[in-house]
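Worksheet for the structure shown next.
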Amino acid sequence: MGVPHPEVALILKNSSPVDFSYLVQPGDLFSIYPYLYNIKLRPEKSLLPEYPAKPKFILDVHLGKLARYLRRFGFDTAYRNDYQDKEIVEQAASETRIILSRDRGLLMRKKVKWAKFIWHDDPQAQLKEVFIRFNLGQYYPDQESRCVNCNSKLIEVDKAEIMERLEPKTKKYFEEFKYCQQCDKIYWKGSHFEETEKMLNQLNNDH
């Protein structure tokens, strides 16, 4: 019917829970439920395994802006614009990552364990989907910062070390900086940082 198994939280057969291994019999009546946002199922009844730690993600090629948002908020997010489906599934399995995708076929692969289908086209709406589904607000802010371009962890850098690379207004108004050793990019809490903070606050309020 086109529903990926990571989107199914509960199957009731004649009002009794069953898993995907159950063989359908004549006369069976099924009720099938997605992830239940307002009801927490007991682990023995839920078909969605609990993710063991702070969420890590891997995104398909259609979700580049969402990847940048997730990295901005400190979430380990693997993304390339040339990923193949098989590569995404294998990396998700080997690195214990949650797959985010708009491709139902990808999420139907047997090896997929943690995943979410992304419904919206707008990246901010996509972020809200992921934020609510995985309760990301509990993990931010923390001490981890990531480069939005390459996903590497940022390190704190002394202003004096990068002074010659800063624009005059940046030198004047900002004192704290972080640095990506992988792609040589400098970060500070400028206007873009403030805009995304407002977006996060709105997500918290909506949630």
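Just a few scattered comments:
- With only the Cα atoms considered, the range 155-206 has a convex hull volume of 97 Å³ per residue.
- Long pairs among K128/K189; K65/K110; K110/K185; K172/K198; K111/K178, criterion Cα-Cα beyond 32 Å: K110/K185; K111/K178
- The spacing between the range 1-38 and the range 130-207, judged by their C-alpha centroids, is 42 Å.
- Crossing angle, helix 123-133 versus the chain [Cα axis fit, 0-90 degrees, rounded to tens]: 60 degrees
- Measuring gaps between exposed loop sites in the chain (GluC sites (Glu not before Pro); DSSP loop; at most 15 other Cβ atoms within 10 Å), the longest gap, sites not included, is 51-143.
- For the chain, the longest principal axis of the alpha carbon atoms and the long axis of helix 85-95 meet at an angle near 80°.
- When you restrict to C-alpha pairs under 8 Å that are six or more residues apart and normalise by the size of the chain, the relative contact order lands at 17 percent.
- Rg and Dmax of the chain, Cα atoms only, in Å: 20.5, 76
- Here the simple spin-label model places points 7 Å from the Cα toward Cβ, and for E50 and W119 these points are separated by 2.6 nm.
- Reach of K13 by Cα under 13 Å, taken over aspartates and glutamates that are not fewer than 8 positions away in the same chain: D28
- Residue-span extension gain [I162 to D85] - 0.36 nm each, minus C-alpha spacing: 23.7 nm
- Taking a straight line from the alpha carbon of K86, these aspartates and glutamates sit under 18 Å away, with near neighbours fewer than eight places off in the same chain left out: D60, E95, D103.
No value in this document is a laboratory result; all are computed from the given coordinates. Note that the coordinates shown come from a computational prediction; the quantities given were computed from them, not determined experimentally. When we count neighbours, we look across all protein chains shown, and the Cβ atoms used for this are built from the backbone with ideal geometry, even at glycine.
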